[in-house]
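A short write-up of the structure that comes next.
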Amino acid sequence: IAVRYVLKNGTPEIVEGTTGTLCVFETNACERYDHFIGKDIIGAGFSSMDHIIHKYNRIDARIIRPEVIPEHFATRLARFTKKYRGSRFPSSSKPFLSVWLGVDLFPKSDPDKENMFCSELVAQYVLECFCENLFEEYSGDLSRVLGQKLPVNANMYTPAHFDINISEAGKILAEQRTIFTKPADLLYIILTPLILICFVIMCLSARFTLK
């Protein structure tokens, strides 16, 4: 979730528009420095763009339709990030199983603020910052505003659900822009197939040894 902030009397404050320092509110499994609280944090928090860019070969951004941005949006966003800061990836296998099967096996009436996938966090952001009290057709069903082919509940969303080829008919997200690309690391390109080959050989060797 892209967020811009400015320093006011030394304190970061979320702002709207294109001014201010750009950062990303995201979930991390390892520690990184959170500029808002001024210390290292694990889980959902504010990451600098420098931290983000070094993690990926390509970054695509979905643009929010200007006409759906509510009044006092910065206040809504600040409230949302404060509510979910520190939320970590689920430690239980149940959420993974539900998303993998595409079936909500363990429905919950309220979001688990302590355990959320990054894609669930984004879906919850759409729900709380845009849907509630804004769209009459929402009625608790995210697919009504994000796209008919998408899940109803936030806890069933994956990164692929935000791709424009799947959610292009939504009422909130508009065009998709590629904002950063870099060539893949040659070391990973070489090592990945070698690791897979070694894994297959090990499996085959174990099979023949057992026989």
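Convert each backbone phi in segment 56-64 into a coupling constant with the Karplus relation 6.51 cos²θ - 1.76 cosθ + 1.60 (shift: θ = phi - 60°), then list the ³J(HN,Hα) values in order as whole Hz, x for Gly and Pro.
Listing the rounded values in order: 10, 8, 8, 10, 10, 10, 9, 8, 7 Hz.
Can you work out ³J(HN,Hα) from phi for every residue in segment 35-46, in order, using Karplus 6.51 cos²θ - 1.76 cosθ + 1.60 and θ = phi - 60°, giving whole Hz and x for Gly and Pro?
Calculated HN-Hα couplings, in order: 5, 7, 9, x, 7, 5, 8, 10, x, 5, x, 8 Hz.
Just the accessible area per residue of segment 1-74, please: how many Å² with a 1.4 Å probe?
Working: 4260 Å² over 74 residues.
That works out to 58 Å² for each residue.
What per residue convex hull volume, in Å³, do the alpha-carbon atoms of segment 7-95 yield? Could you put the intermediate results ahead of the total?
On the way: hull volume 12.9 nm³, N = 89.
About 145 Å³ per residue, rounded to a whole number.
Given a Förster distance of 41 angstrom, what is the FRET efficiency for Lys94 paired with Glu13, based on the Cβ-Cβ distance and rounded to 0.05? Walk me through the numbers on the way to the answer.
Details: r = 38 Å, r/R0 = 0.92.
E between Lys94 and Glu13, to the nearest 0.05, is 0.60.
With labels modelled as points extended 7 Å from the Cα through the Cβ direction, what inter-label distance (nm, one decimal) is found for Ala74 paired with Ile195?
Modelled inter-label distance: 4.3 nm.
Using a 1.4 angstrom probe and counting only protein chains, how large is the accessible area of Leu127 in Å², to 10?
Roll a 1.4 Å probe over it and Leu127 shows about 20 Å².
The values are calculated or read from the model by the stated rules, or taken from the named source; none is laboratory data. Please read all numbers here as calculations on a predicted model, not as lab measurements. For neighbour counting, all protein chains shown are included, and Cβ atoms are generated from backbone atoms with ideal geometry for every residue, glycine included. With ligands, DNA and RNA removed, areas are computed over all heavy atoms of the protein, side chains included. Shrake-Rupley method; radii C 1.70, N 1.55, O 1.52, S 1.80 Å.
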